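For reference, the structure discussed in these notes is given below.
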Amino acid sequence: MGNTDGWARRRLFATALMLGCSAKSTPLAVQSTGTGIIRIDTNGVVVDDQDDERPWVDVTVEMVEGTPESPASEDDPPTWRGFGAIHIRGNSTSDYEKKQYAFETRDADGEDVDASFFGLPEEEDWVLAAPYSDKTLMRNHLMFGWSRAIGRYAPRTRFVELYMEDGGGSLGPEDYRGVYVLTEKVKRDVHRVNVEKLEPTDFGPSVVTGGYLLRRDWVEVEPIETALYGDMLMLESPKADEVTAPQFDYIEGYLNDFESALSRADGSYEAYIDVDSFVDFMLMMELSRNVDAYVLSTYMHKPRDGRLTMGPIWDFNGSLGNADYFDAWQTEGWHYENPEFPADNPNGFHWYRLLLEDGAFRERLAARWAEHRSGPWSDSALMKSIGDTEERLQAMQQRNFERWPVLGEQIWPNDEGATQRTTHQDEVDYLRRWVLRRTAWLDAQFGR
């Protein structure tokens, strides 16, 4: 497959482990993992030192897949091997010592190629998320799972342990980078956000009605700015530099028409949006009290001949009690009512404020909350998912915190109580208590 030296180094590494030694000394006693191992060789390029442009770095990759009954081990042969490229990703998180990465699978010629591993559907774009401030290691994984449990697609995840050699030598235990969450990137795809692909030749009135994925976040490209409320949304698909004038005009006009209907307070907005998706999105933001809720990492999509739909959800490191601003650590109170919120976005996000003025929307919120609480979001179901994840992480988290000894430290944006939680068990127990108190408060607000 090319780069035979890289594979030879890996075989040497595996042999060294089997003999009880390694090519390099290390303080870590790495044995087996819970579900998966990813080994990356950057061919001597230090990815973490790349400039602000974040260029893609060509890499060779091996995946080792295990099961709960037979955990992956470093001396196991790869279940997938191939080529790819990575770069640092994230905004504030890029300052953490433990970096997260965008990851693409490529062929030997450097062209993007779909791949499937760890039982995930084929795709080429992935995220190697690096839980660092989230010392449970599980907040994104849990929230994405709780979204899918109520029938709302969210990125699928797999816990892995990452090894990355970037010094040009042999891959060894000292290249251990800790627990990562291999995550599907939010994008238009039949297995992800399943909306139609808009081609440049798609300009007729029957086809421009759908195929849009939009994001509300830090403005990085020329956005769509709505005429009535000045809300700014960026196009993810088609990209801002690929969208044609008819396509842009259609989705801009649709958003403006929706806001006009919303402002009339006569219920006519329902013709423009999938109401239940807006309800479920709000419930997930309030359940988690996500510090970025409604303003950042907010995706929505519109299928052809369909209505605007909220989701999928994204980025919950600062949720479920894990942030010290906008009152996000509090288990009581509506997050959308925080008087400081959204401090970084003076225009706000007017849609939910206006939706909540509609009695029918408020009734639907209460009904959907009761529906979810009677099944996938019952206390027993939520606690079981936390417990199952804790068990899966048990051996992995110990190695992670040997590599990154941050337990008991207040890593931004941790709540002040983080300094009192000195073990992974403390962090998970805090998460359990927070969730139970939050659901109890929400139950009371919805009359349950």
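Sorting 410-416, 102-108, 312-318 by their mean Cβ neighbour count within 10 Å, with the most densely packed peptide first, gives 312-318, 102-108, 410-416. Helix content alone sets the calculated 222 nm mean residue ellipticity of the chain: runs of n ≥ 4 DSSP H residues at -39500 (n - 2.57) each, divided across all residues, give -9500 deg cm²/dmol.
For Lys187, a cut-off of 24 angstrom between C-alpha atoms picks up these lysines, skipping any fewer than 8 places away in its own chain: Lys99, Lys197, Lys239, Lys302.
Sorting Arg307, Arg289 by solvent-accessible area of protein heavy atoms yields Arg307, Arg289, largest first, with a 1.4 Å probe. Over the stretch 220-322, all Cα pairs binned in 5 Å intervals from 0 give whole-percent P(r) values of 2, 11, 19, 23, 21, 14, 7, 2, 0, listed from short to long.
Between Asp379 and Asp112, the contour length at 0.36 nm per residue exceeds the Cα-Cα span by 91.9 nm.
The magnitude of the dipole of the chain, with charges of +1 and -1 set on the Cβ of Lys/Arg and Asp/Glu and taken from the Cα centre, is near 1420 debye.
Computed over protein heavy atoms with a 1.4 angstrom probe, the accessible surface ordering of Lys239, Lys187, largest first, is Lys239, Lys187. Under the simplified labelling scheme, the Val221-Asp276 pair shows an inter-label distance of 3.2 nm, with each label point 7 Å from Cα along Cα→Cβ. Measuring between their Cα centroids, the stretch 387-402 and the stretch 286-308 lie 30 Å from each other. A crude spin-label estimate for the pair Tyr325 and Glu337, with each label 7 Å from Cα along the Cβ direction, gives 2.3 nm. At a probe radius of 1.4 angstrom, the accessible area of the stretch 398-448 per residue rounds to 50 square angstrom.
In the stretch 167-219, Rg over Rh equals 1.28, where Rg is the alpha-carbon radius of gyration and Rh the Kirkwood radius from pairwise Cα distances. Here the chain exposes an accessible surface that is 47 percent carbon and sulfur, computed with a 1.4 Å probe and the other protein chains kept in place.
In the assembled protein chains, Phe203 presents an accessible area of approximately 140 Å² (probe radius 1.4 Å). Report note on the peptides 136-143, 329-336: ranked by the mean count of other C-beta atoms within 10 Å, highest first, their order is 136-143, 329-336. Taking the DSSP beta bridges with both ends in the chain, the antiparallel portion is around 90 percent. What the pair-distance distribution of the stretch 319-447 shows, using all Cα-Cα distances binned every 5 Å from zero, is 2, 9, 14, 17, 18, 15, 12, 8, 4, 1, 0 percent.
Taking the solvent-accessible surface of protein heavy atoms with a 1.4 Å probe, what is the per residue accessible area of the stretch 204-323 in Å²?
On a per-residue basis, the stretch 204-323 sits at 33 Å².
Heavy atoms of the protein chains alone define the surface here; on that basis the stretch 46-195 has 36 Å² accessible area per residue at 1.4 Å probe size. The dipole here belongs to the stretch 229-293: it is taken about the Cα centre, uses +1 on the Cβ of Lys and Arg and -1 on the Cβ of Asp and Glu, and is about 120 debye. Within the full protein context, the accessible area of Leu262 is estimated at about 10 Å² for a probe radius of 1.4 Å.
Go ahead and run the numbers for FRET between Ala370 and Ser73, Cβ-Cβ distance against an R0 of 51 Å, rounding to 0.05. That gives a FRET efficiency of 0.65. For the pair Trp80 and Val190 in one chain, pulling the backbone fully straight at 0.36 nm per residue adds 37.3 nm over the alpha carbon distance.
Read through the labelled values [x] 68, 22, 17; [y] 32, 27, 24; [z] 39, 28, 18 and report the label of the one computed as semi-axes √(5λ) of the Cα gyration tensor in Å from the structure. Here the calculated entry is [z].
Just add up the charged neighbours of Asp429: K/R +1, D/E -1, any other residue whose Cβ is under 10 Å from the Cβ of Asp429. For residues surrounding Asp429, the net value is 0.
The values are calculated or read from the model by the stated rules, or taken from the named source; none is laboratory data. Model, not experiment: these values are computed from the prediction. Positions of Cβ are generated from backbone atoms using ideal geometry, with glycine treated the same way; all protein chains shown enter the neighbour counts. For accessibility, only protein heavy atoms count, side chains too; no ligands or nucleic acids. Shrake-Rupley method; radii C 1.70, N 1.55, O 1.52, S 1.80 Å.
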